[in-house]
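The values are calculated or read from the model by the stated rules, or taken from the named source; none is laboratory data. Keep in mind it's a predicted model, so treat the numbers as computed, not measured. When we count neighbours, we look across all protein chains shown, and the Cβ atoms used for this are built from the backbone with ideal geometry, even at glycine. These accessible areas exclude ligands, DNA and RNA; they are computed on the full protein's heavy atoms, side chains included. Shrake-Rupley method; radii C 1.70, N 1.55, O 1.52, S 1.80 Å.
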Amino acid sequence: MYYETIFIVNPEVSQENTESITDNFVERVEKAGGRIVKREYWGSRPLAYSIAKRKRGHYVMLVTDGEPQAVETLEQAIRLDERIMRFLTTRLNELSD
């Protein structure tokens, strides 16, 4: 079962710190028995609407393969991190290129 999680990191966080946040999330997923199939940093982009008076954010996508518990672990870690402004997880029927 594949799950795609996209999250937006506060724009005041540097790109290097965004990568380390993502590394931390990947580590948690792997400890929970999941596997990261795809990891993409989309860069700093404008938001569709302002969130907490911010108009930009660092976009990151993770595609996870594994049991739902691994995704729950990822979502729990995202919720606890104050630097994450928004996130969305969707279940994928098949993995696309």
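Observations on the structure shown:
- Charged neighbours of Glu12, selected by a Cβ distance under 11 Å, balance to +3 (K, R count +1; D, E count -1).
- The distance between label points at Arg39 and Thr89 comes to 1.7 nm (points 7 Å beyond Cα on the Cα→Cβ vector).
- Counted charge near Thr89, where neighbours are those whose Cβ lies closer than 9 Å (Asp, Glu -1; Lys, Arg +1): -1
- J(HN,Hα) series, the range 50-65, from Karplus relation 6.51 cos²θ - 1.76 cosθ + 1.60, nearest Hz, glycine and proline x: 6, 10, 6, 6, 10, 10, 10, x, 8, 9, 9, 10, 10, 10, 10, 10
- Kirkwood-based shape ratio for the chain, expressed as Rg/Rh from alpha carbons: 0.96
- Percent carbon-and-sulfur accessible area, the chain, ignoring ligands, DNA and RNA, probe 1.4 Å: 45 percent
- Solvent exposure of the chain amounts to 63 Å² per residue of accessible area, where only protein heavy atoms count and the probe is 1.4 Å.
- Net charge of Cβ neighbours under 11 Å - reference Met61; Lys, Arg +1; Asp, Glu -1: 0
- Across the range 9-97, C-alpha contacts under 8 Å between residues 6 or more apart give a mean separation that, scaled by the residue count, equals a relative contact order of 34 percent.
- For Leu47, the residues whose amide H sits under 5 Å from its own are Arg56, Gly57, ignoring neighbours fewer than 5 places away on the same chain, with H placed 1.01 Å from N.
- Close amide H pairs (under 5 Å, H built 1.01 Å from N) link Lys38 with Val63, residues at least 5 positions away or on another chain.
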